[in-house]
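Every number in this text was worked out from the coordinates using simple rules, so none of it is lab data. A quick note: this is a predicted structure, and the numbers were derived from the prediction, not measured. No Cβ is skipped: glycine too gets one built from the backbone with ideal geometry, and neighbour counts run over all protein chains shown.
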């Protein structure tokens, strides 16, 4: 059996949630834009995508040196994502040995950042791997991946785009009844135990204000509701204060009919792409906490009314 070896090329910590980085890498076009420079070019073969195994890419570096690779990827539980770029050709030389450039992304739960590492992985063959490494030094591979990571980080930090946080729940009640309760913020206040301290005022059937006991007032605007025959109902609303959007201003709830007394809730909320990892996970966990309490309270209220 051949022994696999690994040597690191470059690594970087990004102050961004793993979920956002992982989602960005689903967009091959965006990643190519981040990693391409006037010197380093990337050609994607027709139909290729970073998340489709067997996809082909051609990297062109300094002095028009070229590296042809075939990509594959895999996930490890919920804390890592690995991309493998097996080298097929360097310039016009076919590479017979299994030598790959790897990009590994890890969720750093300690400080909620994302760690990215680039490395070689190869079977034990000193003479051949040294030749490959020397050729890739001519290509200036380390500069290529370092500049790409810096561009990616800058793009995220200066972005005005949004990322989506998803939560899903199986609710043991009819989807229309669950939707009706979800739409009622008096019920949400009861779930959180603040119905006596919060003042909720409906301005009309779609806009209302919540005055909290700490002096904060938040306005909610339900701007769209949809129903798809007898299969689902959806609600969309904005969240803002004094016309200034909240951090998670865009929220959507989809209730899918499963059976007479069971439905599936998909909850989405959009947050800025450049949100700090700490705020992202705080919002993620707090939203999940509210939804879990809402589910238990809604199901128990239904049972007590029967």
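For residue 228 and residue 282, a Förster radius of 45 Å and the Cβ-Cβ distance give a FRET efficiency of 0.85, rounded to the nearest 0.05. When restricted to Cα atoms, the chain yields an Rg and a Dmax of 25.1, 77 Å, respectively. Shown for 291, 137: other C-beta atoms within 10 Å of each C-beta, ranked fewest to most, produce the order 137, 291. With respect to the chain, whose longest principal axis is taken over its alpha-carbon atoms, helix 141-157 is tilted by about 20°. Annotation for residue 216 and residue 13: the two label points, set 7 Å from Cα along the Cα-Cβ direction, are 2.8 nm apart. Calculated FRET efficiency, residue 128 to residue 48, Cβ-Cβ distance, R0 = 30 Å: about 0.65 to the nearest 0.05. For the pair residue 97 and residue 206 in one chain, pulling the backbone fully straight at 0.36 nm per residue adds 32.8 nm over the alpha carbon distance.
Per-peptide packing, taken as the mean over residues of other Cβ atoms within 10 Å, places 141-148, 202-209 in the sequence 141-148, 202-209 from highest down. By the Cα gyration tensor, region 1-153 has an equivalent ellipsoid whose semi-axes, rounded to whole angstrom, run 24, 18, 15 from largest to smallest.
Both numbers refer to the Cα atoms of region 111-264; Rg and Dmax are 25.4, 76 Å. Computing Rg and the Kirkwood Rh from the Cα coordinates of region 1-84 gives a ratio, Rg/Rh, of 0.98. Which residues does a label at residue 157 reach in region 267-285, if reach means a backbone N under 14 Å from a point 7 Å past the Cα toward the Cβ? In region 267-285, the label zone of residue 157 (backbone N under 14 Å from the point 7 Å along Cα→Cβ) covers 274-277.
Put in line by how crowded their Cβ is, counting other Cβ atoms within 10 Å and starting with the fewest, 131, 250 read 131, 250. Taking only the alpha carbons of region 39-121, we obtain Rg and Dmax values of 14.3, 45 Å in that order.
Applying 1/(1 + (r/R0)^6) with R0 = 35 Å to the Cβ-Cβ distance of residue 240 and residue 80, what FRET efficiency is obtained, to the nearest 0.05? E between residue 240 and residue 80, to the nearest 0.05, is 0.40. Take the Cα radius of gyration of region 253-306 and divide it by 2.2 N^0.38 Å, N being the number of residues; the result is 1.47.
Between helix 126-139 and the chain, what is the angle of the helix's C-alpha long axis to the longest principal axis, kept within 0 to 90° and rounded to the nearest 10? That works out to roughly 70 degrees. Per-peptide packing, taken as the mean over residues of other Cβ atoms within 10 Å, places 31-40, 65-74 in the sequence 65-74, 31-40 from highest down. Take 173-179, 281-287 and order them by the average number of nearby Cβ atoms within 10 Å per residue, most first; the result is 173-179, 281-287.
Dividing the convex hull volume of the alpha-carbon atoms in region 207-306 by its residue count gives 145 Å³ per residue.
A crude spin-label estimate for the pair residue 109 and residue 297, with each label 7 Å from Cα along the Cβ direction, gives 2.9 nm.
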